[in-house]
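Peer 1: Pasting a structure below so you can have a look.
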Amino acid sequence: MLNLTPVPIKIVDCYDDGENTRHYQFAIQETEQHLSPWLKAESGQFFMLCLPGVGEAPFTFTTLPNAQGNFRALVRRMGSVTDALFQCGVGDIIGARGPFGRGWPMERLLNQRILIVGGGCGIAPLASVINQLIDSQQFIQLEVVYAARNQAALMLNPERARWQHLIPIFNVVEDMAGLSDGEFYPGTATGILPKVLHTFGEQPDTVLLAGPEAMQTAAAEYLVAYGIDPKSIFLSIERRMHCAVGLCGHCYLNEKYVCSHGPTFSWAELLQYDIAC
Amino acid sequence: MHKTYLLDSLDELQRHLAQSHEIYQVVPQSDDARADYHWQQVGSGNWPDLVEQKPLQSPKSFFFAEQEPLYVFDGETFEEVLPTPTPFVLFGVKSCDLMAIHYQDIFFEDDPYYQARRKQGLLVGVDCVTPCEQGFCQLVNAGPSVRDDTADLVLHPLDGQRWMLVVLSAAGKQALHGLALEDASPEDLHQRWENISHCEQSFPRYQYILEGIGKLNQHAISDEFWQQLGIQCLGCSGCTTLCPTCSCFATRPIESASSQQTSVTQVRFWDSCLYESFQREASFHNPASEAGQRVKRFWYHKFSDDFVPEFGRYGCVGCGRCEATCPGVIGVHSVMKRIADDA
């Protein structure tokens, strides 16, 4: 049977990281038995954050839960749940349910040439997979494109600074005000793809995309035109996850529910769907 | 071969089942001839007859509650709140509504709230022997006879005020334990199928429904057509509320304060995919911002082949309630006629 009841989590730490965005660390306040599903969480999966008296909303893991039940998530202040979270302090108890959904296809990433493209908050579901790959060194080639609107909108700044020393990263910003040309490229995620693919050398074996849906679909179309198999391109689709277990109906995508069949879909799967149905 | 019995009257069965169950049945809301019919608890010596009329609402709320608590937060911990209903009988459920329960059984297979109610419910179905207004169960394999895997017991009206009782499940057999019943004869069985066959032949043809389903699955309906229909959708949720297979829900917190502490109960309640805000995200990005998209989604969910592998059938059981309730005249008959004629 499904369990729709949250577990208590404590807010351990948080810091501002981008416009209206904070990087939180949470600690699951539960016994080993309740912890076990969390320890199986995969990169690209998500959890429901529960603010008692306010509501629930989905977020992805930037760091997966460790044996002590600590995990991290990037949260942008956007609606009532995140408003309430931002008013909480370190030490406060709130709730979480999860992990849910289908994560990134990790088995397809080992010892491969991988291109990762994240836009805005879309870097959040990619952070743990980038860290995992860098830490394990189980890749042939790994390059990351990160796109943001402007300087204020840049997110996961400490993480990207660390990655910068270890793998090629293309930071792309539409509005370059305040940013230097050497470190950042002017433009958009899709706009820089020709340059990235040119420097990549051989074609990437697998591409991971996350961010605004229009950015993801435009990038996927470009990559297919470039010759990459739609089955090798993976997107993280956002919908209004509500129950997170494939029942409430809110996140429908044709006959699928994004919460349980996704949020990771291959472009080949999405091409079969009417993405607005 | 199912065990079949004869009943001279229903009282005997109702009385017997009432020894161990609450009994719910469809009754008129008042003595007015135009009154609506509703599911209601009955009993204690006053056993109503089964009525032919289709109740305004299907019995879906017995299992998928219109509103129910999921969990309570006391400030430190979250406690699941599961329903604990006493055993009950839905007495005289029509085949279309039974098929809808069967559909929901599949959908809510792993839902602990639904299943806590479902396992307490015994389903006594009743065959329809005359078509109901706007019903087309025979077109979507949901009636007029009760399908074998959708009920525990089935009643069938025979000549001369007698009833045939068909046992379909182990739970149905168990519920009859201790009741001495006369076996039905082969002639009675024959009469049941005669009656059902006659009923099936009495339905209007409704060819446009089949044509509509065909066009919908050939993706032959333009977005402009759906937008035209969308203009007529008032977003009232009448169709999704009355549709016996609709299952969308939302949740919200309700705070309750006592002198000692404040607790929060998270409740879930029926929602509707036809509401403008149904898919709207916190950022106000809305993949289904137009009424036409939402109307298209509703009918896609009811008649698309894409759902058949999961449920073994379409999401529509042919009850016609959407047509009866829609103030915008875009219930199933109106929509399918327009698809057949214009789309």
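Peer 1: Output the number of residues of the range B:68-95 satisfying the condition of being in a strand (DSSP E or B) and within 14 Å of another protein chain (Cβ to nearest Cβ). I'd like the intermediate steps shown before the answer.
Peer 2: Going residue by residue through the range B:68-95, those that are in a strand (DSSP E or B) are B:68-73, B:78-80, B:88-94.
Next, from what is left, pick out any that are within 14 Å of another protein chain (Cβ to nearest Cβ): B:68-73, B:78-80.
Total satisfying the criteria: 9.
Peer 1: Just checking: which of the helices (runs of 4 or more DSSP H) contained wholly in the range B:174-257 hold 3 or more residues that are of a type outside the set (V, I, T) and touching a strand residue (DSSP E or B) at 6+ places or on another chain (Cβ under 9 Å)?
Peer 2: Passing ranges, in order: B:186-202.
Peer 1: Looking at the range A:239-261, which of its residues are open to solvent by 20 Å² or more (accessible area, probe 1.4 Å) and either touching a residue at least 60 places away in the same chain (Cβ under 8 Å) or facing chain B (nearest Cβ under 8 Å) (or both)?
Peer 2: Residues of the range A:239-261 open to solvent by 20 Å² or more (accessible area, probe 1.4 Å): A:240, A:242, A:245, A:255-256, A:260-261.
Answer for the range A:239-261, where residues must be open to solvent by 20 Å² or more (accessible area, probe 1.4 Å) and either touching a residue at least 60 places away in the same chain (Cβ under 8 Å) or facing chain B (nearest Cβ under 8 Å) (or both): A:R240, A:H242, A:V245, A:E255, A:S260, A:H261.
Peer 1: Tell me the residue from B:E22, B:E12, B:E66 that is over 30 Å from B:F249 (Cβ atoms) and charged (D, E, K, R), please.
Peer 2: B:E12
Peer 1: Scan the range A:83-103 residue by residue and report those that are assigned to a helix (DSSP H, G or I), within 14 Å of another protein chain (Cβ to nearest Cβ) and open to solvent by 10 Å² or more (accessible area, probe 1.4 Å). Talk me through it step by step, then tell me what you get.
Peer 2: From the range A:83-103, those assigned to a helix (DSSP H, G or I) are A:83-87; that's our starting set.
Checking which are within 14 Å of another protein chain (Cβ to nearest Cβ) leaves us with A:83-86.
Scanning the range A:83-103 gives A:D83, A:A84, A:F86.
Peer 1: Among the residues of the range A:104-155, what is the count of those that are small (G, A, S) and buried (at least 23 other Cβ atoms within 10 Å of the Cβ)?
Peer 2: Summing the residues that are small (G, A, S) and buried (at least 23 other Cβ atoms within 10 Å of the Cβ) in the range A:104-155 gives 8.
Peer 1: Moving on. Is it the case that the range A:19-34 has a residue that's aliphatic (A, V, I, L, M), surrounded by fewer than 17 Cβ atoms within 10 Å (Cβ to Cβ) and farther than 24 Å from B:R252 by Cβ?
Peer 2: No, every residue in the range A:19-34 fails to be aliphatic (A, V, I, L, M), surrounded by fewer than 17 Cβ atoms within 10 Å (Cβ to Cβ) and farther than 24 Å from B:R252 by Cβ.
Peer 1: Also: Looking only at the range A:179-197, which residues are outside any loop (DSSP other than H, G, I, E, B) and of a type outside the set (A, V, I, L, M, F, W, C)?
Peer 2: A:Y185, A:P186, A:T190, A:G191, A:P194, A:K195
Peer 1: Is it the case that B:L90 is open to solvent by 10 Å² or more (accessible area, probe 1.4 Å), more than 30 Å from A:I93 (Cα to Cα), touching a residue at least 60 places away in the same chain (Cβ under 8 Å) and aliphatic (A, V, I, L, M)?
Peer 2: no
Peer 1: For B:P112, all conditions in the list (1) open to solvent by 10 Å² or more (accessible area, probe 1.4 Å); (2) under 24 Å from B:M1 (Cβ atoms) hold save one; what is the number of the exception?
Peer 2: Tallying (1) open to solvent by 10 Å² or more (accessible area, probe 1.4 Å); (2) under 24 Å from B:M1 (Cβ atoms), B:P112 fails exactly one: (2).
Peer 1: If you go through the range B:252-297 one residue at a time, how many are of a type in the set (V, I, T) and open to solvent by less than 40 Å² (accessible area, probe 1.4 Å)?
Peer 2: Residues that pass the stated criteria total 4.
Peer 1: Sticking with this one: Take B:E12 and decide whether it is farther than 23 Å from B:D148 by Cα, modelled with pLDDT of 95 or more, surrounded by 13 or more Cβ atoms within 10 Å (Cβ to Cβ) and of a type outside the set (G, A, S).
Peer 2: Taking the combined requirement at face value, the residue does not satisfy it.
Peer 1: Still on this model: Could you pull out the residue among B:R280, B:R338, B:R294 that is touching a residue at least 24 places away in the same chain (Cβ under 8 Å) and under 19 Å from B:C248 (Cα atoms)? Give the steps one after another, and end with the answer.
Peer 2: On the way: B:R280 fails: touching a residue at least 24 places away in the same chain (Cβ under 8 Å); B:R338 fails: under 19 Å from B:C248 (Cα atoms).
Selected residue: B:R294, the only one of B:R280, B:R338, B:R294 that is touching a residue at least 24 places away in the same chain (Cβ under 8 Å) and under 19 Å from B:C248 (Cα atoms).
Peer 1: Out of B:L98, B:L17, report the one residue that is in contact with a strand residue (DSSP E or B) (Cβ under 6 Å, 6 or more places away or on another chain), open to solvent by less than 40 Å² (accessible area, probe 1.4 Å), within 25 Å of B:C316 (Cα to Cα) and in a helix (DSSP H, G or I).
Peer 2: Details: B:L17 fails: within 25 Å of B:C316 (Cα to Cα).
Going through B:L98, B:L17 in turn, just one is in contact with a strand residue (DSSP E or B) (Cβ under 6 Å, 6 or more places away or on another chain), open to solvent by less than 40 Å² (accessible area, probe 1.4 Å), within 25 Å of B:C316 (Cα to Cα) and in a helix (DSSP H, G or I): B:L98.
Peer 1: Can I ask one more? If we scan the range B:117-129, do we find a residue that is part of a helix (DSSP H, G or I) and aliphatic (A, V, I, L, M)?
Peer 2: Scanning the range B:117-129, I find no residue that is part of a helix (DSSP H, G or I) and aliphatic (A, V, I, L, M), so the answer is no.
Peer 1: Still on this structure: Which residues, taken from the range A:217-238, are under 17 Å from the mean Cα position of the chain (by Cα) and either in contact (Cβ under 8 Å) with a residue 40 or more places away in the chain or open to solvent by less than 10 Å² (accessible area, probe 1.4 Å) (or both)?
Peer 2: Matches in the range A:217-238: A:T217, A:A219, A:A220, A:I233, A:F234, A:L235, A:S236, A:I237.
Peer 1: In the range A:107-134, how many residues are assigned to a helix (DSSP H, G or I) and under 26 Å from A:I192 (Cβ atoms)? Full working, then the answer.
Peer 2: In the first step, residues of the range A:107-134 are kept if they are assigned to a helix (DSSP H, G or I); the result is A:107-108, A:120-134.
Next, from what is left, pick out any that are under 26 Å from A:I192 (Cβ atoms): A:108, A:120-134.
Selection size over the range A:107-134: 16.
The values are calculated or read from the model by the stated rules, or taken from the named source; none is laboratory data. Just so it is clear, the model here is predicted, and its values are computed rather than measured. Methodologically, a virtual Cβ is constructed for each residue, glycine included, from the backbone with ideal geometry; neighbour enumeration extends over all protein chains shown. Ligands, DNA and RNA are excluded from the accessible area calculation, which covers all protein heavy atoms including side chains. Shrake-Rupley method; radii C 1.70, N 1.55, O 1.52, S 1.80 Å.
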